[in-house]
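Some notes on the structure that comes next.
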Amino acid sequence: MTVLVFLDPAHDDGRLVDATQPQLLATDLGATRGDGIFESMLAVDGTPRKEQAHLDRLASSAAALDLTVPGADAWSRAIRTGLGAFAEAEPDRTHAVVKLVATRGVEGAGQATAWVQVAPVPAATLAQREAGLKVLFLERGYDSTVAQRAPWLLMGAKTLSYAVNMAAIRYAKAQGADDVIFTSSDGKVLEGPTSTVLLAYDRDGRRTLLTPQLESGILAGTSQSALFVAAKEQGWELGYGPLEPHHLLEADAVWLISSIRLLAPVLSLDGQELRTSAALTAELTGLVERFV
Ligand SMILES: Cc1ncc(COP(=O)(O)O)c(C=O)c1O
């Protein structure tokens, strides 16, 4: 089942509501304009993973949209309320998706609408982690320097306007693929619609993890960032692009990494088979599963 907790100044720990009943006004700018932000984090045994990193990114998305949202403490209390209610309703589930959403609120009200949603991890997400992904390169249509020139495009913010990202995944599915890696108009590898691109080179005893340049207009992934810290301690070398498609085709393994699906191996790109490594996937997944 899904648990919903609204952040409400009259309720310190958040206001638990019935998720099967309407809760949002139709004039909410989140619904009418997609004007808002969100985060998705994994919770294991009732504890959110990388909570501070998600709260920090929520705050930076809010700043990019010039949106005033509740503070980190209010979010944390609402998350605890939501996870408590979820554990009562679903005592056998160890894992949950915790989604934080804040919109610009009802037109004219000048106050954000904010809530926490706790729900089971979709079975399809887990299946993709196991099976791996056939991926298409799709162009995003912007060059890799647009984020600096045009901050109003909100390129590095996690906004509610994900219709384009979802359309890209539907396009890939219609072509028989599972997921997408966006490329820039100047030929750089960017990100997945809901994930960060990660590749490994394991050559002559040197093991390197690479991810695209953060400044190329992509969302800074909390999973990639935490993995880089953990991998460095294990002796991996790290690098931030710029990456082009050939770097992925030449890599020893490529993954799409994100908070809920974790590391999903990329099996092919535009129909071309990639090298994969069950050993590297297991090693890095071991690090990812220890995130706190
Ligand atoms: C566009 C985009 N890039 C990257 C990510 C991965 O971020 P994280 O590892 O913080 O989940 C996401 C997550 O949903 C995303 O939507």
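The values are calculated or read from the model by the stated rules, or taken from the named source; none is laboratory data. Just so it is clear, the structure is predicted and the values come from calculations on it, not from any experiment. Using ideal geometry, Cβ is built from the backbone for each residue, glycine included, and neighbour counts are taken over all protein chains shown. Note: accessible area is taken over every heavy atom of the protein model, side chains too, but ligands, DNA and RNA are not part of it. Shrake-Rupley method; radii C 1.70, N 1.55, O 1.52, S 1.80 Å.
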What number comes out for the charge environment of Thr145, summing +1 per Lys or Arg and -1 per Asp or Glu over other residues with Cβ under 11 Å away? -1
Counting DSSP beta bridges with both partners in segment 126-288, what percentage is antiparallel, nearest 5? 60
Reference-scaled alpha-carbon Rg (2.2 N^0.38 Å with N residues) for segment 1-44: 1.34
I'd like the Karplus ³J(HN,Hα) series for segment 43-49: coefficients 6.51, -1.76, 1.60, θ = phi - 60°, whole numbers in Hz, and an x wherever there's a Gly or Pro. 10, 10, 6, x, 10, x, 8
According to a simple spin-label model (label point 7 Å from Cα along Cα-to-Cβ), what is the distance in nm between Asp186 and Ala109? 4.3
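Set the Förster radius R0 to 25 Å, insert the Cβ-Cβ distance between Arg206 and Phe137 as r into 1/(1 + (r/R0)^6), and round the FRET efficiency to 0.05.
Working: r = 27 Å, r/R0 = 1.08.
The calculated FRET efficiency here is 0.40.
Between Ala10 and Ser60, how high is the FRET efficiency from 1/(1 + (r/R0)^6) when r is the Cβ-Cβ distance and R₀ = 30 Å? Nearest 0.05. Before the final figure, lay out each step's value.
Numbers: r = 28 Å, r/R0 = 0.93.
It comes to 0.60.
Please quote Rg/Rh for the chain to two decimal places, taking the Kirkwood radius as Rh and restricting both calculations to Cα atoms. Working shown, then result.
Working: Rg = 19.3 Å, Rh = 19.9 Å.
Computed over Cα atoms, the ratio is 0.97.
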Could you state the number of Å between the C-alpha centres of segment 227-248 and segment 85-128? 31
Percentage, to the nearest whole number, of Cα pairs in segment 171-238 over 13 Å apart: 69
For Leu238 and Asn165, extending 7 Å from Cα along the Cα-Cβ vector and measuring point to point gives, in nm, a value of 2.2
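Could you tell me which of the pairs Lys173/Lys232; Lys99/Lys158; Lys50/Lys158; Lys50/Lys99 are separated by over 24 angstrom between their Cα atoms in the structure shown?
On the way: Lys173/Lys232 35 Å; Lys99/Lys158 12 Å; Lys50/Lys158 16 Å; Lys50/Lys99 13 Å.
Result: Lys173/Lys232 exceed 24 Å.
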How many percent of the alpha carbon pairs in segment 126-288 exceed a separation of 24 Å? 29
Under 14 Å from the Cα of Lys188 - aspartates and glutamates, other chains or at least 8 residues apart: Glu139, Asp143, Glu215, Glu244
What is the Rg over Rh value, at two decimals, for segment 3-121, using alpha-carbon atoms and the Kirkwood definition of Rh? 0.96
Label point distance in nm, Leu249-Ala89, each placed 7 Å from Cα along Cα→Cβ: 4.8
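Over segment 3-121, what relative contact order in percent results from Cα pairs under 8 Å that are six or more residues apart?
This gives 37 percent for segment 3-121.
With a 1.4 Å probe and every protein chain kept in, tell me what percent of the accessible surface of segment 126-288 is carbon plus sulfur.
On the way: 3830 of 7240 Å².
On segment 126-288, the fraction of accessible area on carbon and sulfur atoms equals 53 percent.
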Roughly speaking, what is the stretch gain from Thr27 to Leu154, that is 0.36 nm per residue apart minus the C-alpha to C-alpha distance, in nm to one decimal? 43.4 nm
Just to confirm, what accessible area per residue do you get for the chain at 1.4 Å probe, in whole Å²? 47
For segment 113-159: span of alpha carbons on each principal axis (Å, largest first): 40, 36, 11
Which whole-Hz ³J(HN,Hα) couplings does segment 214-230 yield from phi under the Karplus relation 6.51 cos²θ - 1.76 cosθ + 1.60, θ = phi - 60°, glycine and proline marked x? 4, 6, 8, x, 10, 6, 6, x, 6, 6, 4, 5, 5, 5, 4, 4, 5
Carbon plus sulfur fraction of accessible area for segment 3-121, probe 1.4 Å, in percent: 49
Place a +1 charge on the Cβ of each Lys and Arg in the chain and a -1 charge on the Cβ of each Asp and Glu, then give the dipole magnitude about the Cα centre in debye, rounded to the nearest 20. 120
